[in-house]
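The values are calculated or read from the model by the stated rules, or taken from the named source; none is laboratory data. Owing to the predicted nature of the structure, the values given are computational and were not obtained by experimental measurement. Counting neighbours? That spans all protein chains shown, and the Cβs are built from the backbone with ideal geometry, glycine included.
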Amino acid sequence: MLNLNQKKIYKNLLFDADGTLLDFDKAERRAIDQTFKKFNIPFEYEKYYKMHNHVLWTGLEDNIIEPDFILYKRFDFIMNLLKRKNESDKVVKFYNSIISEGYDLLEDANEVIHELYKRNYNIIIITNGLAKIQHKRFSNIAFTPLLSNLCISGELNASKPHTKFFDKVFEVCDLTNKEECIVIGDRLQSDILGAHNYNLDSVWYNPQKEKLNIEKEPTYEVDSLKKLLNIFK
């Protein structure tokens, strides 16, 4: 792993979205609270929802589950437990409408993206997400006009960390030189491992200062977004 003073030259910054620039935890908390209250779902069932949702997203990353399955079926499990399966469609439609409005940014995200844009970097979002929801969220974000591209797994029919996802990103964004590209993200399994498998450098955004639990080290590690400005001059 390089320290922040050991700099390489990059042109294209491939940013993860949720957990790196967007505060997904806040968006999810709001959506769950409003959905459970509106449909009188006991909050003790939240753990079952999150467990099932985690399984679905893992399946998406493993290319086992299609994005639309999560979009429309994420509440089927707990509604079956409640013996209210006939309400699933209404519940998930409401939840999706609320999560689509979840465009809260993490601390310093807007400032850092604007500064990197001023420094003439191409800023590309690479996200495992549902196209309909992600487009709605990014339509409300101040820095979206500065992005060179928004690459969503649901539109590319491939997910991080798979090389097919990065093949599609390079094709869509007309990228050719891997040495000019670097992935910035908070998730070791999808962002850092995905970058490594595609022979790309990476920055692990690690605000909680967690321990590295994969064999492949990121090129850099930062605990705040502002520290990216020390890497990308």
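In table form, for the structure just shown:
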item: Failed item in (1) under 28 Å from Thr163 (Cβ atoms); (2) at pLDDT below 95, with Leu22 passing the rest; result: (2)
item: Enumeration of residues in region 52-81 that are assigned to a loop (DSSP other than H, G, I, E, B) and out of contact with any Ser or Thr (no Cβ under 7 Å at 6 or more places or on another chain); result: Asp62, Ile64, Ile65, Glu66, Arg74
item: Residue tally, condition under 25 Å from the mean Cα position of the chain (by Cα) and surrounded by 14 or more Cβ atoms within 10 Å (Cβ to Cβ), over region 67-88; result: 11
item: All positions within region 7-51 that are hydrophobic (A, V, I, L, M, F, W, C), within 26 Å of His114 (Cβ to Cβ) and not in a loop (DSSP other than H, G, I, E, B); result: Leu13, Leu14, Phe15, Leu22, Phe24, Ala27
item: Matching residues, region 213-225, being farther than 13 Å from Asp186 by Cβ and without any contact (Cβ under 8 Å) to a residue 60 or more places away in the chain; result: Asn213, Ile214, Glu215, Lys216
item: Residue in region 100-108 that is in a helix (DSSP H, G or I) and modelled with pLDDT of 95 or more present; result: no
item: Residue among Leu156, Leu146, Leu106 that is crowded, with 18+ Cβ neighbours inside 10 Å, over 16 Å from Asp18 (Cβ atoms) and over 12 Å from the mean Cα position of the chain (by Cα); result: Leu156
item: Residue match in region 84-93 (condition: outside any helix (DSSP H, G or I), basic (Lys, Arg), on the phi > 0 side of the Ramachandran plot and in the same structural domain as Thr58 (by TED's automatic domain parsing)); result: no
item: Residues (crowded, with 19+ Cβ neighbours inside 10 Å, modelled with pLDDT under 95 and of a type in the set (D, E, K, R)) located in region 170-209; result: Arg187
